[in-house]
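The values are calculated or read from the model by the stated rules, or taken from the named source; none is laboratory data. Note that the structure is a prediction, hence the values are computed from the model and not measured. With ideal geometry, Cβ positions are generated from the backbone for all residues, glycine too; neighbour counts draw on all protein chains shown. Only protein heavy atoms, including side chains, enter the accessible area calculation; ligands, DNA and RNA are left aside. Shrake-Rupley method; radii C 1.70, N 1.55, O 1.52, S 1.80 Å.
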Amino acid sequence: MSRSPSFSAKPELSIKPDPESLKRWIHAFCIMRFDLEQGQLLEECYPPGCLSQEEEIEVSFNSFPDSVSQHHNRSSIHDCIFFFRFRRPKKNTEERDDIDRYLYGYVFNRQRHDERLKRGGEQKSVVILSHTPYSSVFRPLLQIIGPLYFDVGNKAIEHIAGYVSMWPAPVPGKLMELPIGNAMLKVNLPPAHSLPLENGILYEESASSMAPLLPTNQSVPQGLFHDADLFGIYRGLLLQLWTLWELLLIGEPILIIAPTPPQCSEAVACLVSLVAPLFCTVDFRPYFTIHDPGFARLNSLREGDTFPPMVLGVTNLFFLKALRNIPHVVSVGTPAPNSNRVAFTSRSAGKLSVKPEGLGVQQLSLRRFSPTNLLNAVKLRRDGPLCLMTEHKEAVWTTHSPITKPDTSILNRLIDAGMSPRVEESMSVVNNEILRRHFLELTTNFLAPFGPYFQVNAPSDGSSPYVTPPALPSFGADEFLSNLSARGVGKFLSKRMKSNWPDLYRRFLRGPNFMPWFQRRRAVAEQEQRRLWRLARMKTDMRQITSQMNELEAVDSFNAIEKHISEEVKSRESGGGGGADSEGTFQKLKKDLQAVFSVLPRDMQQLLLLNPQRASLLQDPSELQ
């Protein structure tokens, strides 16, 4: 959808890249060449030596359209952009956290037809590898670096790397302006709650991602792949989006098949974006090939074996046979007119027919039945996904009985863009906002019943901020389901779900997404509670509170303050603190300790002063009485 940003290379202004700064955004730039005799070859890698041999092989096989799915394009140049994701070998990540378990590869692929060249043409790919799924950054960057590489060669890589290394560090959830030559990329990064933890530490996250109130600014992403073209990719399967939302929510294995890698990777990105603001832990592969190490394991599964939770995007029709037992298959996209497969002229779904000429509910034939529609639906169910071997169709085959009903009011608001590419692009933007806001509201309302388990408590006025904060409410799945069934899910969901909605919650609790999301939200809540109590300690006048304390309360407060001082000292010594804020906190704690000490009995004061370290904190306690 995006047009290439304007850019011109000025060698005299080239900037020498800083490898450490570059790593904040990009792991490596790769140039891949497809050799008709030797296969996929890595020509260049910058910085050199940053990929293992296994990773080089992974990148090589994922950087080109699958040979089975290629169309015989006779134009002089054919460019496409797509992306893939692969799991890094364990030996490369054994000392790293989850953020480094996967690498994302963003590909600018060029197929050039020229009868003067050997075998009539060539195929090359420029690849950006990163640990983070910043599609909003790397796609426009590819639109710059791809053509630039084919114009000026390898020096383009170092030239672009120099600009990237000057960018500030990524700030999740923020709008960033990133200069690249004479162009400026203005990008919204995905929010912290949608990204893996960095070195086991939470980003700056807030409870706002759990709030039932929706953001007023829809351009701000609430999850991964906010910029994916949901309407454009699933235009022929709009009625099935609610089923697909459920499947991803509960972590079911899904196979997505598309004619091309761009359509395939975009379809996977769209699905992942559907469940925002939920932190998605399902393994998703925007472009998966038979060369992936995980394929052998999947291919060895026998009938009756359970597929792992994942979303696989493929273009090779061999997967339809190799993974014939996968319970959910989605076919999206439109083949090129010169494809070697029969062009498909009408859009169908496995359960009901969808006509391509309109998007209103009446035009979607929700209540219209005809012998042709019925026969098409029966034929699709009977033939199954293997019918794609001879004719491409947009369809969904699933064993899942959906609980959420398609929202016809949302579908009626969608605008039919017509045939003009420019009008269609602008209308897709509008339709994407409508769809994305609806599914954001749907997911937020679905998660809302868990809100009480993340409720933080601040100290009440006049109470000591040094007592142990109350624990967050304990969670039990059976008790949660029982209470939820008794009180209901609220008006928003009850209007959109069937009466068996508790089954969806039950499957969500058992699925792979729930526990990682729940534990992370609890960690954020606990972090917020610690912040509130720390803030209260800085603001509270302990002299006023100590006047109301009995001896036991004073002793408990003294021990608690001393413990906080010890933690503050350890934090400063380990490099976790320092500066004016840390010194201010330390001095405030010290004064509070002295205030509590002043109300303790004289004999107890003398006993406490026997400890030299404690005595140094208390200074001259007689001045405090």
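Structure values in brief
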{"item": "Net charge, L301 excluded, C-beta distance under 14 Å - Lys, Arg +1, Asp, Glu -1", "result": "+2"}
{"item": "Sorted peptide list for 49-59, 473-483, criterion being average Cβ within 10 angstrom, highest first", "result": "49-59, 473-483"}
{"item": "Selection from A525, M538, M497 lying farthest towards where the dipole of region 495-555 points positive, charges on Cβ", "result": "M497"}
{"item": "Per-residue HN-Hα couplings for region 181-196 [Karplus 6.51, -1.76, 1.60; θ = phi - 60°; Hz; x = Gly/Pro]", "result": "x, 8, 9, 9, 8, 9, 10, 9, 7, x, x, 4, 5, 9, 9, x"}
{"item": "Percent carbon-and-sulfur accessible area, region 229-340, ignoring ligands, DNA and RNA, probe 1.4 Å", "result": "50 percent"}
{"item": "Spatial separation of Cα centroids for region 537-565 and region 425-440, in angstrom", "result": "54 Å"}
{"item": "22 Å Cα-Cα threshold exceeded, pairs from K321/K393; K174/K588; K16/K174", "result": "K174/K588; K16/K174"}
{"item": "Spacing of the two label points (7 Å from each Cα toward its C-beta) at Q519 and E177, in nm", "result": "4.1 nm"}
{"item": "Cβ-based net charge around N109, under 9 Å, with every Lys or Arg adding one and every Asp or Glu removing one", "result": "+1"}
{"item": "Mean separation of Cα contacts under 8 Å, 6 or more apart, over the residue count of region 221-306: relative contact order %", "result": "35 percent"}
{"item": "Neighbour net charge for Q263 - beta-carbon separation under 13 angstrom, K R +1, D E -1", "result": "-3"}
